[in-house]
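Heads up: the structure comes next, in structure tokens.
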Amino acid sequence: MRKITLPERPDLAAKAEDAGFTFAHMHGEPYWDETSAYQFTLEQIENDLEDPATELHAMTRQAVDRIVGDKALMAKLGIPPAHFDLIADSWARNEPEVYGRMDLAYDGTGPAKLLEYNADTPTSLYESAAFQWQWLEDQLAAGVLPEGSDQFNGIHEALIERFRELFEPNTDIHFTAMPDTPEDYATVESMAWAAREAGMGAHYTDLDKIAISKNKQFLDDQDRVIGTLFKLYPWEDMLADDFGKHIKGAGCLFIEPAWKAVVSNKGLLPVLWQMFEGHPNLLPAFFADDVADALVAGGQTAPEVADAFGRVADQIRAAHVVKPIFSREGASISIVEGGDVTETSPNTDYDRHPRIVQAYHPLPEFDGFRPVVGAWIVGHACAGIGMREDRSRITQDLSRFKPHFIAE
């Protein structure tokens, strides 16, 4: 794994405009940055990223099976008691999942480490699936990349196949997101593009225009009944607002399904560690309430985690990350080293939520930037990656997206 300086395409601005990539620049800085790219070997991709991410996804499904049968765990993950049955029933009915993005720390040598799993509303899909593939083709044609270079990117094709697996041809699927959010719309349109290529009907409606019929069904902005809805809106918010009261009995299949509320939740991380302690792709993690006292001299953990914490106590006390169970773009996350907070996100939007503690694993550093590998899961397998990098040790909303390629 290397970071290679490369010439930017001379017509980049025009290509981004033609593609509708309106957020290629944000906050006065480039978001899409192709002045350099990350180079991997095929062995690194297959053995260190693709196979482990696929295995981690299978492990999360085992964790879901455990969580939905344990009301105490559901409560620890912030699921409102009124919706315990909704989550459990969604899992029992095997409501289908389509996609998710695992964020991995990887330096090209040691095992990739799971930092978190956004399995409900991951963005950067368009950049990963489409625009970086166009970059690869253009740079190969220009002779910028070595002949025969490839990219780990079958995301769009995998999405098409997933829709074909799940739905009959001509099934109408609705897509929704918050209005006036270009990045969210690009993700939704990428999903709708795949659905259309799979032979589905795809209809977009702003989230705030969805209504409830007299029969308690969801309606789009043309008063059509919504039977299947891809929503780029987090389950934790849906369950807390007025939407939540109408989900049960609406006859609507959601993508992602309700059971993803316990996967796209950092409370999943301590459950995974409890179930698969010592797995090379996991970092030690605990619910903060269970170990907070033990992080202070002389304190004790909750009895049920005492043995597990004892085996990694030195590692956790040396350095750990405190994360709310719900968070986006690094908000409300802090790094603690030797008992002192050494870095924290300026965004405190998620401070009200319960927290987990995860062992700190430093990201590699290239030219002052620290990359995170986003491993895209489609169905049950890893189908490609996208790279984001940040100057901060906490990847936040000002991170840059970087293309990647495979070459020996």
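The values are calculated or read from the model by the stated rules, or taken from the named source; none is laboratory data. Just so it is clear, the structure is predicted and the values come from calculations on it, not from any experiment. Every residue, glycine among them, receives a Cβ derived from its backbone with ideal geometry; neighbour counts consider all protein chains shown. Areas reflect the complete protein model, heavy atoms only, side chains present, ligands, DNA and RNA absent. Shrake-Rupley method; radii C 1.70, N 1.55, O 1.52, S 1.80 Å.
A few remarks follow.
- Every listed requirement among (1) part of a loop (DSSP other than H, G, I, E, B); (2) farther than 20 Å from F84 by Cα; (3) in contact with a strand residue (DSSP E or B) (Cβ under 7 Å, 6 or more places away or on another chain) is met by Q300 save one, (3).
- The set of residues in the stretch 1-34 that are hydrophobic (A, V, I, L, M, F, W, C) and either within 20 Å of E365 (Cα to Cα) or not in a loop (DSSP other than H, G, I, E, B) (or both) comprises M1, I4, L6, L12, A13, A14, A16, M26, W32.
- Considering the conditions (1) in contact (Cβ under 8 Å) with a residue 12 or more places away in the chain; (2) more than 23 Å from S190 (Cβ to Cβ), D241 is excluded by exactly one of them, (1).
- Checking each residue in the stretch 5-19 for being under 18 Å from W133 (Cβ atoms) and surrounded by 13 or more Cβ atoms within 10 Å (Cβ to Cβ) picks out L6, E8, R9, L12, K15, A16, A19.
- When G148, G143, G108 are checked against the criterion of being more than 25 Å from G199 (Cα to Cα), touching a helix residue (DSSP H, G or I) at 6+ places or on another chain (Cβ under 8 Å) and assigned to a loop (DSSP other than H, G, I, E, B), a single residue qualifies: G108.
- The set of residues in the stretch 35-50 being in a helix (DSSP H, G or I), under 22 Å from the mean Cα position of the chain (by Cα) and within 15 Å of G384 (Cβ to Cβ) consists of Q44, I45, E46, D48, L49, E50.
- Filter pass, E50 being open to solvent by less than 60 Å² (accessible area, probe 1.4 Å), charged (D, E, K, R) and in contact with a Pro (Cβ under 8 Å, 6 or more places away or on another chain): no
Here is a yes/no grid of residues against (1) modelled with pLDDT of 95 or more; (2) part of a loop (DSSP other than H, G, I, E, B); (3) at positive phi:
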| position | (1), (2), (3) |
| --- | --- |
| R196 | yes, no, no |
| D208 | no, no, no |
| K216 | no, yes, yes |
| D237 | no, no, no |
| D242 | no, yes, no |
| G249 | no, yes, yes |
| F254 | yes, no, no |
| A261 | yes, no, no |
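- The stretch 89-98, residues that are surrounded by 21 or more Cβ atoms within 10 Å (Cβ to Cβ) and out of contact with any Pro (no Cβ under 8 Å at 6 or more places or on another chain): V98
- Elements of type strands (runs of 3 or more DSSP E) contained in the stretch 330-408, each with 1 or more residues being modelled with pLDDT under 85 and surrounded by fewer than 17 Cβ atoms within 10 Å (Cβ to Cβ): 340-344
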